[in-house]
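A.B. asks: Sending over a structure as structure tokens; questions will come in a sec.
The values are calculated or read from the model by the stated rules, or taken from the named source; none is laboratory data. None of the values given here were measured: they were computed from a predicted structure. Methodologically, a virtual Cβ is constructed for each residue, glycine included, from the backbone with ideal geometry; neighbour enumeration extends over all protein chains shown. Ligands, DNA and RNA are excluded from the accessible area calculation, which covers all protein heavy atoms including side chains. Shrake-Rupley method; radii C 1.70, N 1.55, O 1.52, S 1.80 Å.
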Amino acid sequence: MELLDISEIITKRKKAEDELREYRDHLEKIVEERTADLQASQQELVSIVENLNNTSEELKKANIRLQELDRLKSMFIATTSHELRTPLNSIIGFSSVLLEGWSGELNPEQKEQLQIVFSSGKHLLSLINDVIDISKIEAGKLEVYNEEFNLGEVIDEAVSLIKADAEEKGLELNVDIPDITIYSDRRRLLQCIINLLSNSVKYSEKGSVALEVRLNDNYVDISIIDTGIGIKEDDLSKLFIPFIRLESHLTDSTSGTGLGLYLTEKLVREVLNGSIDVISKYGEGSTFTLHIPINEVELI
């Protein structure tokens, strides 16, 4: 009986050793496979790093090339703008002289045709200035001239420039002109307000255009509110994209290139350090609001 037990123990022990040996061989095989996989992964990682280094070097070269192209573009625009502005200013200036009758009286047909030349020249000069401003902003070379000025005077100046167009269309102008002194870039703020007022008049067939100003902590909110054709909800996201004009029944009868709002948004955000938002209901009108930070606010 004891001999049987010992034999059985030996058999079980041998079986256990065989199983242990098989398990050890299996583990060694797994380790070899994992080691091979790890080596392959390491090789792939090395290859990826090498590719990244090569890509990084190519990107550096491409970036240098883009900077050179941007410099050449700025030089081209600066040169071209001078070459275009000079003859345009002559056209506008001499057209104005002729319209005022300094060189003799003009008949109605001559005045009408000369007025077209004068208006077209001013429109073309405005487009050239917009393109130049956008180029300078994108290149980070637009000059900023901050100064202290009366906001009401700026608004009054902007309104005076679009007043005739509003009256011609029978639009009522409601303007809240505040006595507030602020510190910002006067010329660029005036440019933004004119752009928004002009758009409101352009796309309003009846009703009114209003301008309201409100103080909000260290910001001044300038809202231009119109009763124009409004903007479809799906089109709101396209407003500040360059060279895009929203389709409407007024598109063909109104001039524009789709740069005005794009330039206005860039000036507000990158020069005036503010923001612009719009609320609109199609067929009822729109409200554009400039949120402009001010260093100092003084109620006069």
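A.B. asks: Picking from Val159, Val144, which residue would you name as being out of contact with any Ser or Thr (no Cβ under 8 Å at 6 or more places or on another chain) and crowded, with 18+ Cβ neighbours inside 10 Å?
C.D. replies: Going through Val159, Val144 in turn, just one is out of contact with any Ser or Thr (no Cβ under 8 Å at 6 or more places or on another chain) and crowded, with 18+ Cβ neighbours inside 10 Å: Val159.
A.B. asks: Given the conditions (1) more than 30 Å from Gly140 (Cβ to Cβ); (2) at pLDDT 80 or above; (3) part of a helix (DSSP H, G or I), which single one is not true for Leu52?
C.D. replies: (1)
A.B. asks: Would you check if there is a residue in the stretch 80-101 being assigned to a loop (DSSP other than H, G, I, E, B) and more than 30 Å from Leu267 (Cα to Cα)?
C.D. replies: Looking through the stretch 80-101, at least one residue is assigned to a loop (DSSP other than H, G, I, E, B) and more than 30 Å from Leu267 (Cα to Cα).
A.B. asks: With respect to Leu98, determine if the residue is farther than 22 Å from Lys141 by Cβ and modelled with pLDDT of 85 or more.
C.D. replies: Yes.
A.B. asks: What is the residue count in the stretch 113-162 for residues that are among the aliphatic types (A, V, I, L, M) and modelled with pLDDT of 85 or more?
C.D. replies: 11
A.B. asks: Quick check, is Lys73 closer than 30 Å to Leu259 by Cβ, in a helix (DSSP H, G or I), open to solvent by less than 80 Å² (accessible area, probe 1.4 Å) and basic (Lys, Arg)?
C.D. replies: yes
A.B. asks: Examine the stretch 165-183 for a residue that is under 27 Å from the mean Cα position of the chain (by Cα), open to solvent by 20 Å² or more (accessible area, probe 1.4 Å), under 25 Å from Asp277 (Cβ atoms) and at pLDDT 90 or above, and state whether such a residue exists.
C.D. replies: The answer is yes, given that some residue of the stretch 165-183 is under 27 Å from the mean Cα position of the chain (by Cα), open to solvent by 20 Å² or more (accessible area, probe 1.4 Å), under 25 Å from Asp277 (Cβ atoms) and at pLDDT 90 or above.
A.B. asks: Can you name the residue in the stretch 217-271 that is among the hydroxyl-bearing types (Ser, Thr, Tyr) and in a loop (DSSP other than H, G, I, E, B) and, of all such residues, is modelled with the highest pLDDT?
C.D. replies: Once the filter is applied, the top-ranked residue is Thr227.
A.B. asks: Another one. What are the pairs with Cβ atoms under 7 angstrom where one residue, in the stretch 118-138, is open to solvent by 60 Å² or more (accessible area, probe 1.4 Å) and the other, located anywhere, is of a type in the set (Gly, Ala, Ser) and not in a helix (DSSP H, G or I)? Sequence gap at least six, or different chains.
C.D. replies: His123/Ser255
A.B. asks: Taking the stretch 100-142 only, how many residues are more than 18 Å from Phe76 (Cα to Cα) and either touching a Lys or Arg at 6+ places or on another chain (Cβ under 7 Å) or not aliphatic (A, V, I, L, M) (or both)?
C.D. replies: Final tally of qualifying residues: 21.
A.B. asks: Kindly establish whether Ile155 is in contact (Cβ under 8 Å) with a residue 40 or more places away in the chain and more than 30 Å from Asn174 (Cβ to Cβ).
C.D. replies: Against the criterion (in contact (Cβ under 8 Å) with a residue 40 or more places away in the chain and more than 30 Å from Asn174 (Cβ to Cβ)), Ile155 does not qualify.
A.B. asks: Which ones in the stretch 103-117 are of a type outside the set (Val, Ile, Thr), assigned to a helix (DSSP H, G or I) and open to solvent by less than 70 Å² (accessible area, probe 1.4 Å)?
C.D. replies: Within the stretch 103-117, just Leu114 meets the criteria.
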